[in-house]
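The block underneath contains the structure these notes are about, expressed in structure tokens.
Here, each number is a calculation from the coordinates, and none is a lab measurement. Keep in mind the model is a prediction, meaning the values are calculated, not measured. Cβ placement follows ideal geometry from the backbone for every residue including glycine, while neighbour counts extend to all protein chains displayed.
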């Protein structure tokens, strides 16, 4: 996936540093552990959105199967760890996600906060998909390339779902304007944070 593909397919303005896959290839235990927690957090965040905005029926209906899918992904990664004789280990700080949360609007209207929560999820899903594609193409281990291709294909449509949900409840022009701001901010975050091979993000 070249820089143009990243922009056209996922909307991301900056591709992953090529060094990341090389670093990840020598830290697969750490990558799998971090990946497991990413899937777990994706499921629990969707549950949180359903609980917080239970009156938004279309969103509840759309996110319910995503919860099941993300938790299924967690179980797959956990099984891969156990197959290798590894334990899940402890959750680590996610500097990338924490930087995104900093950009969320804390005040203002409920609509603005709801929009930022959905767009945060959209960005995390887009970047995760891009990282899974990097792993599916760049790892030397054929089994692990196929393992991550499954995740990449499964995650590919998730980021657009969150944008579509935002546009279901909020003016489309407002959503697109804020999404552009998020994309620009995320590119800056990607330039700032350390390139680490023991993290999905």
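Just a few scattered comments:
- Considering 105, 113, the condition of being in a helix (DSSP H, G or I) and free of Cβ contacts under 8 Å to residues at least 24 places away in the same chain is satisfied by 113 alone.
- Evaluation of residue 105 against the conditions (1) surrounded by fewer than 17 Cβ atoms within 10 Å (Cβ to Cβ); (2) under 18 Å from residue 30 (Cα atoms) shows that the sole unmet condition is (2).
- Positions within the stretch 34-46 being farther than 14 Å from residue 196 by Cα and crowded, with 21+ Cβ neighbours inside 10 Å, in sequence order: 36, 38, 39, 42, 46
- Count - residues of the stretch 49-76 that are out of contact with any helix residue (DSSP H, G or I) (no Cβ under 7 Å at 6 or more places or on another chain), more than 27 Å from residue 132 (Cα to Cα) and part of a helix (DSSP H, G or I): 3
- Of all residues in the stretch 147-160, those satisfying the criterion of being in a helix (DSSP H, G or I) and surrounded by fewer than 17 Cβ atoms within 10 Å (Cβ to Cβ) are 149, 150, 153, 154, 160.
- Listed conditions (1) within 17 Å of the chain's Cα centre (by Cα); (2) exposed (fewer than 14 other Cβ atoms within 10 Å of the Cβ); (3) within 22 Å of residue 193 (Cα to Cα) are all met by residue 129, apart from (2).
- Qualifying residue in the stretch 139-150 (condition: closer than 21 Å to residue 100 by Cβ and touching a residue at least 24 places away in the same chain (Cβ under 8 Å)): no
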